[in-house]
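Worksheet: the structure to be examined is printed underneath.
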Amino acid sequence: MTAYSVRLVAARYPLGRLGLPQGVAGAVALLASADASWITGQTVVCDGGVALSGRAG
């Protein structure tokens, strides 16, 4: 992907950037830790705000 293509795709996300593994790592670390021992049956959406913006699809 060219830098220009990356900018075009990133502009479509509400956060204005592409997701990286580091952006999801915090959520994964929390859910894998004892701090999340009371969290059950939840869906954590890590999509840069797409679901909330109505731009999905």
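Laboratory data are not the source of any read-out in this text; all were calculated from the coordinates shown. Please read these numbers as outputs of a predicted model, since none were measured by experiment. Don't worry about glycine lacking a Cβ; one is built from the backbone with ideal geometry, like all the others, and counts go over all protein chains shown.
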Legend entry - Estimated FRET transfer efficiency (residue 30, residue 1; beta-carbon r; R0 35 Å; 0.05): 0.70
Legend entry - Label corresponding to volume of the Cα convex hull per residue in Å³ when calculated from the structure given, among [x] 100; [y] 123; [z] 28: [x]
Legend entry - Segment residue 50-residue 37, length gained on full extension (0.36 nm per residue, minus Cα span): 1.9 nm
Legend entry - Angle in degrees between helix 21-32 and the longest Cα principal axis of the chain, rounded to the nearest 10: 10 degrees
